[in-house]
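Report on the following structure.
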Amino acid sequence: MKVKLHKNKLTNEHLIVYNKPKKVYIPLISGNDTNITILVKKGEYVYKGSIIGKRKGDFRIPIHSSVSGTVLDFEERTCFNGEKVKCVVIENDFKEKIEQKLSVKRNINKYTKEEFIERLKENGIVGLGGAGFPTYVKYEAKNINTLIVNAVECEPYITADEALAKIKCEELLETIDAILEINKIKEAIIAIKKENIELKQAFDNFIGTYLKIKIKLVPNNYPMGWERNLIKEVTNKDYDKYPIEEGIVVNNISTIYAIYEALKYNKPLIERVVTFSGENLGEKRNVLVKIGTDAKEVLEQLKIKNDSIVVAGGPMMGIKVDDLILSANLNCVLALNNTINIPSICLRCGKCVEVCPAKLSPVLIMKTKYKNEKDIKKIKQLHPEKCIGCGLCSYICPANLLVRERVKDAKDLVKGDK
């Protein structure tokens with residue numbers, strides 16, 4: 001579906017650095033898992049890159065401090081999902097002290113697969129496109145034949161990956177090539193929107209020597225960046241639950257660059273590029289930020305207007321928040337007009353059914369009550385757990401109903417009832 005973009009073309013010259021937060025609030029969350037072992041205490045001094053927590057579950061990856069300084073406290077702050085998450089509060093001493101000097105690996109193709117996986121794991125590399133899934137897990141599979149690099153960024157406003165790719169194009173290609181060689185993957189395909197000629201040209205300038213890496217132009221439809229849609233468009237393949245069933249791994253641009261820094265410099269995931277945009281922001285920029293930075297600091301620097309609505313994420317899949325801490329898997333923060341679309345009654349027009357990429361019936365899910373076991377059984381038959389949260393149902397609704405929110409409620413109910 002065509003969605004009004006508002007991309008504002010934040011390109012290379014708009015990438016700035018904000019690396020002086022007074023405090024950082026490192027979220028103790030990995031993906032959606034808040035079952036984290038805390039490894040620091042109040043008053044303790046930590047270095048930039050120090051491990052301050054570790055996931056307890058199946059994927060025991062570390063969480064690192066993005067600054068050097070003193071642990072002040074533990075507070076609950078709002079994170080990417082709009083929920084309160086326990087954070088380690090660290091007062092920045094602005095000295096950028098690290099425990100040990102970073103070693104530089106001249107040839108990042110020379111890792112064994114086991115060393116590669118361990119390097120990603122120990123540096124806490126996760127997917128930077130939204131889910132925050134531990135990246136090393138994808139590469140533990142033995143039957144990988146295709147790496148798809150997602151450079152689509154189909155949601156309106158968001159250009160963080162585009163800005164990073166234009167500046168770090170050579171490093172990205174070097175990393176993609178290394179991933180192919182280390183994991184014995186046959187090919188890599190970089191998926192770029194057809195209209196994004198500048199990004200394609202940036203890769204074309206360097207891709208000549210990388211014979212296993214190809215560029216595939218995809219339609220500018222929403223949600224083309226959704227993994228299932230992208231794989232179908234690029235390879236004409238489908239799968240049941242996971243892309244690896246077809247031998248496919250998908251990483252976005254920011255994740256590839258995080259892999260580069262882990263392989264090249266043994267650098268943990270402590271910063272990322274975030275798009276700051278929206279009509280209520282005086283300066284629209286892509287900003288390299290330290291993870292744990294209070295979004296308010298950056299928004300004030302970029303001259304946010306009073307009475308703005310702040311959204312964590314893009315306008316389609318994002319969540320309205322009152323405060324926000326920048327986490328690893330947050331790629332956009334918007335400042336929007338404080339306007340209210342007054343909802344009316346459902347017209348039963350079926351538009352939400354027509355546009356749903358997951359082939360659900362949002363209107364039926366929305367209408368179903370949750371009062372008894374019979375209702376819950378009925379809602380399960382509508383499979384709200386398949387919702388990808390794209391927001392098209394709310395976008396298209398002529399009655400201005402919060403369809404996506406109601407489907408999410410049903411999704412959470414079904415997941416919690418399993």
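The values are calculated or read from the model by the stated rules, or taken from the named source; none is laboratory data. Predicted, not measured: the structure shown is a model, and the values here were computed from it. All Cβ positions, even for glycine, are placed from backbone atoms using ideal geometry, and neighbour counts span all protein chains on display.
Some observations on this one:
- In the stretch 97-114, the residue that is nearest to Glu75 (Cα to Cα) out of those that are among the charged types (D, E, K, R) and surrounded by 12 or more Cβ atoms within 10 Å (Cβ to Cβ) is Lys97.
- Picking from residues in the stretch 69-91 that are within 25 Å of the chain's Cα centre (by Cα) and either farther than 24 Å from Ile29 by Cα or among the polar types (S, T, N, Q) (or both), the one that is modelled with the highest pLDDT is Thr78.
- Selection count where residues are among the hydrophobic types (A, V, I, L, M, F, W, C) and over 23 Å from Asn81 (Cβ atoms), scope the stretch 116-163: 10
- Cβ-Cβ contacts under 7 Å between residues 6 or more apart (or on different chains), taken from a first residue in the stretch 29-43 that is within 9 Å of Arg55 (Cβ to Cβ) to a second residue that is polar (S, T, N, Q), are listed as Ile36/Ser30.
- If you go through the stretch 273-293 and pick out every residue that is under 27 Å from Gly69 (Cα atoms), surrounded by fewer than 24 Cβ atoms within 10 Å (Cβ to Cβ) and of a type outside the set (A, V, I, L, M), you end up with 1.
- In this structure, Met366 does satisfy being buried (at least 20 other Cβ atoms within 10 Å of the Cβ) and part of a helix (DSSP H, G or I).
- Counting the residues of the stretch 378-408 that are within 17 Å of Glu155 (Cα to Cα), touching a helix residue (DSSP H, G or I) at 6+ places or on another chain (Cβ under 6 Å), among the aliphatic types (A, V, I, L, M) and assigned to a loop (DSSP other than H, G, I, E, B) gives 0.
- Picking from residues in the stretch 191-214 that are of a type in the set (Val, Ile, Thr) and within 21 Å of Ile158 (Cα to Cα), the one that is surrounded by the most Cβ atoms within 10 Å (Cβ to Cβ) is Ile192.
- Unique residue being buried (at least 21 other Cβ atoms within 10 Å of the Cβ), touching a Lys or Arg at 6+ places or on another chain (Cβ under 7 Å) and not in a loop (DSSP other than H, G, I, E, B) when the list is Ile231, Ile256: Ile231
- Residue match in the stretch 297-310 (condition: in contact (Cβ under 8 Å) with a residue 24 or more places away in the chain, out of contact with any helix residue (DSSP H, G or I) (no Cβ under 6 Å at 6 or more places or on another chain), assigned to a loop (DSSP other than H, G, I, E, B) and loosely packed, with under 13 Cβ neighbours inside 10 Å): yes
- Index of the failed condition, Ile117 passing every other in (1) in contact (Cβ under 8 Å) with a residue 24 or more places away in the chain; (2) farther than 17 Å from Gly31 by Cβ: (1)
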